[in-house]
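Below: one structure, written as structure tokens.
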Amino acid sequence: MEKTKIKRIAVLTSGGDSPGMNAAIRAVVRTAIFNDIHIYGVKGGYQGLINGEFSMMSKADVGNILQRGGTILKTARSMEFMTEDGRKNAYENLVAHDIDACVMIGGNGTYTGALKLHEEFNFPVIGIPGTIDNDINGTDFTIGFDTAINTAIEAVDKIRDTADSHDRLFFIEVMGRHAGYIALHTGIGSGAGTIFLPEVGNSIETFVQKLRRSARRKKLFNLVIVAEGNKNGNAFEIAQEVQALCPEYETKVMVIGHLQRGGSPSCFDRILASKLGHGAVSSLLNQEFGQAIGVINNKINLTPLSKAIEKKNDLDVDLLNVAEILAL
Ligand code: F6P
């Protein structure tokens, strides 16, 4: 097959923002410039591709962003890009701007869009995993996950103080969409008594028995981490059900919500983003297209986008057992 000589690359962020996206943009831009490639930032994700919002970026444009949360390129979930017409417009704009390849930073939805562009128009793309959910195949960690769990445990530590002082039972809901990585890590990192996960069913009955055992030991204070995608309902619904069965407990609910998406990226996320951003541009130069970049066992790894978007099923259930034992 004829090789695509890469001279101009575009980069965009799409889907939910995640801390470290800016560090990834910086790495992509600077690696491209180091290799004498013209690099264009696309504003507002796939919608920016459709609207033709391209601007050439310099080294200075990505100065002072390594430590900043959010994304300087802005992000969105474009409905128009989900249509064939929308994607055709996007492709035509890429061609009109003489772009040879595109780097897409985001999660599952972003990768699905990148794959479509690659399959429908044979357009060279590469995906960088930027999502707090950590639910992408082909990488041990996604950019933003580490920062998000650190933000979450900081919040839970604070709740612990007041929960302990008042002997209250707190249900704390964390993000993660359909995956329990954030909940599991937050639960272990904060020493929560129970974790409700999407990947393993929780029985309210068993949970209530556990609570009653604690109550017999005069322990009325308890922290429960609820993954938003768990099968028992949201934190309010679970709390209501438990409160009805255990009126002796004073229950409270806290939804950490979008707080988990903001803030300065952790050192881990900055390094991960730098490695992956550099790796993504290098891979495009090596004619690796339609791939998602990641790290496995600390080594750069490429996975076809079609595989990267399959449901990730490697949640460490042993860790859950550890959490249960340590929280007794
Ligand atoms: O995918 C990242 C994420 O923060 C999920 O954890 C959450 O379910 C979703 O995005 C929230 O999306 P929005 O910001 O559109 O409400």
Checklist outcome for this item: All conditions in (1) in a loop (DSSP other than H, G, I, E, B); (2) in contact with a strand residue (DSSP E or B) (Cβ under 9 Å, 6 or more places away or on another chain) are true of Asp133 except (2)
Next on the checklist: Looking at Gly138, Gly127, Gly86 in this structure, which one is open to solvent by 10 Å² or more (accessible area, probe 1.4 Å) and either in contact with a Leu (Cβ under 7 Å, 6 or more places away or on another chain) or away from the ligand (no atom under 16 Å from the Cβ) (or both)?
Outcome noted: Gly138
Item to check | Filtered residue count, the stretch 1-36, keeping only those that are open to solvent by 10 Å² or more (accessible area, probe 1.4 Å), away from the ligand (no atom under 16 Å from the Cβ) and outside any strand (DSSP E or B) | outcome: 15
Checklist outcome for this item: Considering residues that are without any contact (Cβ under 8 Å) to a residue 24 or more places away in the chain and not basic (Lys, Arg), the number found within the stretch 185-220 is 5
Item to check | Thr139 outside the structural domain of Met175 (by TED's automatic domain parsing) and either touching an Asp or Glu at 6+ places or on another chain (Cβ under 9 Å) or assigned to a loop (DSSP other than H, G, I, E, B) (or both) | outcome: yes
Item to check | Whichever residue in the stretch 148-187 is open to solvent by 40 Å² or more (accessible area, probe 1.4 Å) and not in a helix (DSSP H, G or I) and, among such residues, is farthest from the ligand (Cβ to nearest atom) | outcome: Asp167
Item to check | Residues located in the stretch 89-124, provided they are open to solvent by less than 40 Å² (accessible area, probe 1.4 Å) and hydroxyl-bearing (Ser, Thr, Tyr) | outcome: Thr110, Tyr111
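Table: residues versus (1) of a type in the set (D, E, K, R); (2) touching a residue at least 40 places away in the same chain (Cβ under 8 Å).
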| residue | (1), (2) |
| --- | --- |
| Ser282 | no, yes |
| Glu288 | yes, yes |
| Lys307 | yes, yes |
| Glu310 | yes, yes |
| Asp316 | yes, yes |
| Val322 | no, yes |
| Ile325 | no, no |
Checklist entry - If the Cβ limit is 9 Å and pairs must be 6+ apart or interchain, which residue in the stretch 248-259 that is in the same structural domain as Ile225 (by TED's automatic domain parsing) and over 14 Å from Lys158 (Cα atoms) pairs with which residue that is in a strand (DSSP E or B) and within 16 Å of the ligand (Cβ to nearest atom)? => result Gly257/Glu173; Gly257/Val174
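The values are calculated or read from the model by the stated rules, or taken from the named source; none is laboratory data. As the structure is a computational prediction, the values presented were derived from the model and not from experiment. A quick note on method: Cβ atoms are made from the backbone with ideal geometry, for glycine too, and the neighbour counts reach across all protein chains shown. Just the protein is used for accessible areas: all its heavy atoms, side chains included, with ligands, DNA and RNA removed. Shrake-Rupley method; radii C 1.70, N 1.55, O 1.52, S 1.80 Å.
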